[in-house]
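Colleague: Have a look at this one before I ask anything.
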Amino acid sequence: RVRTLWSVSLGFQKGEFFGLVGPNGSGKTTLLRLLDRIYMPHEGRITLDGRDLTSYSRIELARRIAFVPQETAPLFPFTVLEVVLMGRAPHSKGRAFENPHDREISVTMLELTDVSHLAHQPVTALSGGERQRVFIARALAQQPSILLLDEPNAHLDIAHQIEIFDIIRRLNKESGLTVVSVSHDLNLAATYSDRVAMLLCGSIAAVGTPEEVFTRSRIMDVFRTPVFVDTHPSGNNLRVTLIPSQR
């Protein structure tokens with residue numbers, strides 16, 4: 001039995017945008033899967049609103065938590081709209097088919113993520129970035145109170161990275177959606193996160209605000225690469241700049 005996480009103690013506040021960063025293999029995806037009960041901890045416990053996560057039924061969890069994995073390879077040529085409608089399944093209450101309210105919510109999420117023009121296209125025919133936006137739309141159609149994102153900016157171009165993060169941040173602020181997001185982009189994490197945890201070798205190297213966590217010395221220690229840390233010229237956000245090796 002291999003332990004990939006240990007001595008991890010974290011709490012997420014309602015309505016918080018929480019970033020998870022760290023090198024490859026540090027345990028970020030494992031932590032997300034534990035939070036969604038895809039994995040079960042060998043030791044310790046995870047609670048949601050004071051209840052042990054194991055006490056929730058899968059339907060109860062699906063009404064509370066939506067998870068967008070890093071890679072989702074569709075096996076069947078469902079249309080984009082059909083995929084997003086699947087996010088309404090936890091709210092179907094025994095219905096075999098969606099109702100007009102489900103379709104309305106799904107269409108809204110398609111528009112939010114800029115894939116409404118693809119609604120009748122098979123998801124298997126889409127590019128990686130288009131599929132990523134579809135699966136984010138499906139998660140939002142689930143209307144969760146907690147959204148778990150494993151590298152949501154993967155495969156997205158720069159414009160859609162900002163657009164998707166802006167949408168999620170707006171929902172986070174306006175509706176109290178709690179977001180836990182894994183990212184390899186320290187600048188995106190610094191821009192959108194209220195707090196950040198930096199993982200290293202399966203445990204927490206640091207947790208706090210981006211300004212507290214993203215210090216030059218810590219980033220260099222954890223990622224083993226030279227960086228420069230300053231404030232973006234806009235004056236609003238911390239900025240991390242890689243320093244290329246001299247050749």
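Colleague: Rounded to the nearest 500, what is the 222 nm mean residue ellipticity of the chain from helices alone, with -39500 (n - 2.57) per DSSP H run of 4+ residues and division by all residues? Don't jump to the answer; show the numbers that get you there.
Modeller: On the way: 9 runs with 85 residues, N = 247.
Estimated from H runs of four or more residues: -10000 deg cm²/dmol.
Colleague: How far, in nm, would the chain grow between Tyr39 and Leu242 when pulled straight, counting 0.36 nm per residue and subtracting the alpha carbon separation? Intermediate results must be reported in sequence, preceding the final value.
Modeller: On the way: separation 203, 0.36 × 203 = 73.08 nm, distance 3.44 nm.
That pair, Tyr39 and Leu242, stretches by 69.6 nm at full extension.
Colleague: Which of the GluC sites (Glu not before Pro) found in the stretch 96-136 are loop residues per DSSP with 10 or fewer other Cβ atoms within 10 Å of their Cβ?
Modeller: Counting only loop positions with at most 10 other Cβ atoms within 10 Å, none of the GluC sites (Glu not before Pro) in the stretch 96-136 qualifies.
Colleague: When the Karplus curve 6.51 cos²θ - 1.76 cosθ + 1.60 is applied with θ = phi - 60°, which whole-Hz ³J(HN,Hα) does each residue of the stretch 127-136 get, with x for Gly and Pro?
Modeller: Taking θ as phi minus 60°, the curve returns 6, x, x, 5, 4, 4, 5, 5, 6, 5 Hz for the stretch 127-136.
Colleague: So how strong a dipole does the stretch 69-209 carry about its Cα centre when Lys and Arg Cβ are +1 and Asp and Glu Cβ are -1, to the nearest 20 debye? Each step should come with its number before you reach the end.
Modeller: Details: 11 positive and 16 negative charges, 86 e Å.
Dipole of the stretch 69-209, to the nearest 20 debye: 420 debye.
Colleague: Once you mark the chymotrypsin sites (Phe, Trp or Tyr not before Pro) that are in a DSSP loop and have at most 14 other Cβ atoms within 10 Å, what is the longest gap between them in the chain? Write down the numbers at each step before the final one.
Modeller: Numbers: sites that count: Trp6, Phe97.
That gives 98-247 as the longest site-free run.
Colleague: Could you give me the percent of Cα pairs per 5 Å distance bin for the stretch 1-130, shortest bin first, beginning at zero and ending with the bin that holds the maximum distance?
Modeller: Over the stretch 1-130, the share of Cα pairs per 5 Å bin runs 2, 8, 15, 17, 17, 16, 13, 8, 4, 0 percent.
Colleague: So, one more: What accessible area per residue comes out for the chain, rounded to a whole number of Å², with a 1.4 Å probe?
Modeller: Numbers: 12860 Å² over 247 residues.
Per residue, the chain has 52 Å² of solvent-accessible surface.
Colleague: Taking all protein chains as present, what is the carbon and sulfur share of the accessible area of the chain, in % to the nearest whole number, probe 1.4 Å? Let's see the in-between values first.
Modeller: Working: 6750 of 12860 Å².
C and S atoms contribute 52 percent here.
Colleague: Roughly what would the spin-label model give for Thr4 and Leu171, points 7 Å off Cα along C-beta, in nm?
Modeller: For the pair Thr4/Leu171, the computed spacing is 2.5 nm.
Colleague: Let me ask you something else. Under 5 Å between amide H atoms, partner at least 5 residues away or on a different chain: which partners does Val227 have, H built in plane at 1.01 Å?
Modeller: Amide H to amide H, under 5 Å and 5 or more residues apart or across chains, Val227 pairs with Ile243.
Colleague: Placing +1 at every Lys and Arg Cβ and -1 at every Asp and Glu Cβ, with all other atoms neutral, what dipole size does the chain have around its Cα centre, in debye to the nearest 20? Write down the numbers at each step before the final one.
Modeller: Values: 27 positive and 26 negative charges, 137 e Å.
Taking the Cα centre of the chain as origin, the dipole is about 660 debye.
Colleague: Between Leu75 and Asp49, with labels modelled 7 Å along Cα→Cβ, what's the label distance in nm to one decimal, could you check?
Modeller: About 3.3 nm, to one decimal.
Colleague: Mind checking which of Gly235, Phe214, Ser116 is farthest towards the positive end of the chain's charge dipole, using Cβ charges of +1 (Lys, Arg) and -1 (Asp, Glu) about the Cα centre?
Modeller: Phe214
Colleague: Still on this structure, I have one more. If you place +1 on the Cβ of every Lys and Arg and -1 on the Cβ of every Asp and Glu, how big does the dipole about the Cα centre of the stretch 1-129 come out, in debye to the nearest 20? Can you show the working numbers first?
Modeller: Working: 15 positive and 13 negative charges, 115 e Å.
Result for the stretch 1-129 is approximately 540 debye, rounded to the nearest 20.
Colleague: While we're here: Between the helical axis of 100-112 and the dominant principal axis of the chain, each derived from Cα atoms, what acute angle in degrees is found, rounded to the nearest 10?
Modeller: 30 degrees
The values are calculated or read from the model by the stated rules, or taken from the named source; none is laboratory data. This one's a predicted model, so the numbers in the text were calculated from it and none came from an experiment. Heads up, the Cβs are rebuilt from the backbone with ideal geometry, glycines too, and the neighbour counts pull from every protein chain shown. Surface accessibility is based on the protein's heavy atoms, side chains included, excluding ligands, DNA and RNA. Shrake-Rupley method; radii C 1.70, N 1.55, O 1.52, S 1.80 Å.
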